[in-house]
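Input: a single structure, listed below in structure tokens.
The values are calculated or read from the model by the stated rules, or taken from the named source; none is laboratory data. Since we're looking at a predicted model, the values are computed, not measured. Because the Cβ atoms are built from the backbone with ideal geometry, glycine has one as well, and the counts that use them run over all protein chains shown. Remember, those area values only see protein heavy atoms, side chains included, never the ligands or the DNA or RNA. Shrake-Rupley method; radii C 1.70, N 1.55, O 1.52, S 1.80 Å.
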Amino acid sequence: GNAAEARWLLGKIYLDTGDILTAEKELQRAQELGWNADDVRPAQAIALLIQGKNDDVLKLEYEDLNPAAASGLLASQALAQLARGQFDSAQELVKLALNKEPQSVEAKLAQAAIFVEQDDAPAALPVIAEVIAAEPDNGRAWRLKGQAMLRLQKFEDARNAFDQSITHSAEAFVFADRAARSLINMQLQDYEAAQAEVIELLELSPEDPTANYIQGLLYFQEKKYRDAITALTLAVPAAKQFPLTLSSLGVSYLFENDVDLAAKFASQFFAVSPDNANG
């Protein structure tokens, strides 16, 4: 009993702090030692979900769990379906989760995440507000609020929400939030704040495409075209998400008198954004 409980508690701690692989191992041990499935299985679902193992999340059984545990597991399965682009199936699973436990925070957050992905921020925000009222320090709720506000182009509100998600989330989970905040600072033309954040992000992950994209744009604005090229080249893997990578590279190469590479990136940008006048 004690060994099983110790494994379960360790698994939970590792999950909360973002050491997902260790969490998965400890939860597996807790399960093997006979710890309560109502505790273990929803936590396993979260660990698998964070790793992108969506098929494994969907294989987990929920019928034998108590309502609260079943609801948590179903919420993770809804997010797994959302990650696979299966909106209808995700909605069905959220409905099931809320039937089992109408006040389930996990189910509400999954519902809000589906709305945000479907570009329906106005539907997401009241659901997120309910969660924040119940749990003001829920980092995931603040993160979703930030994403919803971004969709509405309410940049100040988005930045405030990401400030909160960064404050209330484990260190391992905040890199993407900080990158998002840095992008928002670019939108708000707070270049100093964007630059300060990006320096720290690049120290943590020198190859990260988003951080290099922001750094590249900052160099580009300062007309440091050689430096812009170095940073933006590392951002090319994210060019679908950030098409400006390609146009900024094209213009930078033009200023560096490399017409061939300027033409190459200009035509790539035109292929990704045919309606953009810059292309």
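Return the whole-Å distance between the Cα centroid of the stretch 139-209 and the Cα centroid of the stretch 222-243. Value for the Cα centre distance between the two parts: 19 Å. Accessible surface calculations at 1.4 Å, restricted to protein heavy atoms, place the chain at 51 Å² per residue. By a straight-distance test (C-alpha under 18 Å), which lysines pair with Lys224 as possible cross-link partners, with residues fewer than eight away in the same chain excluded? Straight-distance partners of Lys224: none at all. This structure gives Rg and Dmax of the Cα atoms in Å, computed directly, and of (i) 18.7, 58; (ii) 21.6, 71; (iii) 18.0, 51 that value is listed as (ii).
For a straight C-alpha distance cut-off of 13 angstrom, no aspartates and glutamates are reachable from Lys240 once same-chain residues fewer than eight places away are disregarded.
Taking the Cβ of Tyr219 as the center, what net charge do the other residues with Cβ under 13 Å away carry, scoring Lys and Arg +1 and Asp and Glu -1?
Numbers: positive: Lys223, Lys224, Arg226; negative: Glu222, Asp227, Glu256.
Within the 13 Å Cβ shell, the charges total 0.
Between Tyr62 and any residue 5 or more places off or on another chain, the built amide H atoms are never under 5 Å apart. Couplings 3J(HN,Hα) of the stretch 4-14, computed from phi: 4, 5, 4, 4, 4, 5, 4, x, 5, 4, 4 Hz, in residue order, whole Hz [Karplus 6.51 cos²θ - 1.76 cosθ + 1.60, θ = phi - 60°; x for Gly and Pro]. Surface listing: Lys240, Lys264 arranged by accessible area from highest to lowest gives Lys240, Lys264, probe 1.4 Å.
Carbon-plus-sulfur fraction of the accessible area of the chain, 1.4 Å probe, in percent? It is 51 percent, rounded to a whole number. Report, in listed order, any pair from Lys25/Lys95; Lys59/Lys100; Lys53/Lys145 with a Cα-Cα distance greater than 28 Å. Long pairs (Cα-Cα over 28 Å): Lys25/Lys95. Across the stretch 111-123, rounded Karplus estimates of 3J(HN,Hα) from the backbone phi angles (6.51 cos²θ - 1.76 cosθ + 1.60, θ = phi - 60°) give 4, 4, 4, 5, 4, 4, 4, 8, 6, 10, 4, x, 6 Hz, Gly and Pro being marked x.
Our coupling estimate for the stretch 45-51, obtained by passing each phi through the Karplus curve with A = 6.51, B = -1.76, C = 1.60 and θ = phi - 60°, is 4, 5, 4, 5, 4, 4, 7 Hz, Gly and Pro reported as x.
Dividing the helix sum by the residues of the chain, where each DSSP H run of 4 or more adds -39500 (n - 2.57), gives a mean residue ellipticity at 222 nm of -24000 deg cm²/dmol.
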